[in-house]
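K.L.:
Take this structure, written in structure tokens, and hold onto it; I'll ask about it next.
Every read-out reported here was derived from the displayed coordinates using simple, explicitly stated rules and does not represent laboratory data. Being a predicted model, the structure only gives us computed values, none of them experimental. Cβ atoms come from the backbone with ideal geometry, glycine included; neighbour counts cover every protein chain shown.
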Amino acid sequence: MADVRGKYPDRAPPGRVVDYEQVFRDAAPGLWRTIYAFTAGQRGVADDAVAEAFARALERAEQIRDPVAWLYRTAFRLAAEDIRADRRERREQASGHQQSAGPTVGLGSLVPALKQLSPAQRAAIVLHYEADLPVRDVARQMGTSIAAVKVHLFRGRHRLRELLGAEEVDDA
Amino acid sequence: MPERWQHELRKLKALEPPSGLWHQATQGPRRPGRERARARRTWPAIVAALAITAVAAAAFGLVNFFGPGGTHPAAAPRRPAQITLQMRPAMPLTMSGCVAQAEHYGRYTANGAARICAPDRQRNRWNWYHAVLTNKGPGAYPACQATGFDAHGTAVGHWQLFFQFGGAPTGLYAKRNSSASFSWYLPGPKRRAIVRYTATCSVNSHPAV
């Protein structure tokens, strides 16, 4: 993520042409994983949000000064809309039906744990720990304060420790 | 060493997005944008606001028309009178004087002024008056009504004054805190000798524009 941001600085000069195909190659995998985690494993929502964010970016390329930050914000918003719509739909159906989380190979315990977090906690956790953004940038992406992000991170970590364990493991 | 939850979180890095995402993106947006969605949400509100305004305006108009103290729109003036008109009988203006006045107040062209000033013999068929119109309020179109009296104090006629020389079709515009002095004629045929006038004026809120 840091490398990607370096390539596409926050304040691109007016008239600068951004190669969005290159932006996609550099940023889309990280963005998709982030949204995937944010949606607690809803692969379809992540696919749709990321593709839609890029489609909109292509449509208004000349107006976007910071493509990666813009894509993150847009994809998060789209995914959040989908989550809300899905929640409404499920309430209306009142059938307890859960949308399929898609394949979660190797993520058997992570996805259910992420579902136990609030959307804000998930967003803060994945942006900070998966996308490697500093807290200040997480706050900017989420449109909230640094203090609020720290609270979300603290509570999110606490909950994940409860759900997944706090013991140290070999990362190899 | 990382904690287990961090270790689990890092497993996300093994995931790859599906291969068709870029192609899907190049097909263009599928959902309405935020601006379009906002516009969709906003339009009903605008329509509702316009409807409410129209109903309120209609209600206000009805109350004005039928309510106590209301006046008929034909009487035009609504706001408190801040305009006064002092009139006295006067000799007809000469053609050149009439044209000059119409050019000055009404910004008529010479030809347009000549048309409203009419030929000499016609001008003599009208009752001419000299007037001082004073406006102590904001700029407005005056709406005046005058009554002419003969030497016996008998009212010989009532007129609504349009001050046509002041410009077509709105008539004379009274600038704020100003007074205008002019000579003009009463509409309609000449009445018997008028020795004095009384006049009342108010603001014409609906000038014929």
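K.L.:
Can you run phi through the Karplus equation (6.51, -1.76, 1.60; θ = phi - 60°) for the range A:125-137 and list ³J(HN,Hα) in whole Hz, with x for Gly and Pro?
P.N.:
5, 6, 5, 7, 9, 9, 8, 6, 7, x, 4, 4, 6
K.L.:
Given a Förster distance of 45 angstrom, what is the FRET efficiency for B:R125 paired with B:A56, based on the Cβ-Cβ distance and rounded to 0.05?
P.N.:
That gives a FRET efficiency of 0.40.
K.L.:
Need the list of lysines near B:K136 for cross-linking: C-alpha distance under 21 angstrom, and skip anything on the same chain fewer than eight residues off.
P.N.:
Correct list for B:K136: B:K175.
K.L.:
Search the structure for amide H atoms under 5 Å from the amide H of B:N204, placed 1.01 Å from N in the peptide plane, and list their residues when 5 or more places away or on another chain.
P.N.:
Residues meeting the amide H criterion: B:Y141, B:A143.
K.L.:
Please work out the C-alpha center-to-center distance from the range B:169-209 to the range B:84-102 and express it in whole Å.
P.N.:
11
K.L.:
With Cβ to Cβ distances under 13 Å as the rule, what net charge do the other residues near A:H158 carry (K, R +1; D, E -1)?
P.N.:
That works out to +3.
K.L.:
Related question: Amide H to amide H, which residues 5 or more places from B:A90 or on other chains are under 5 Å from it, using H placed in the peptide plane?
P.N.:
B:W128, B:Y129, B:H130
K.L.:
With the alpha-carbon atoms as the only input, what is the per residue convex hull volume for the range B:105-196 in Å³?
P.N.:
100
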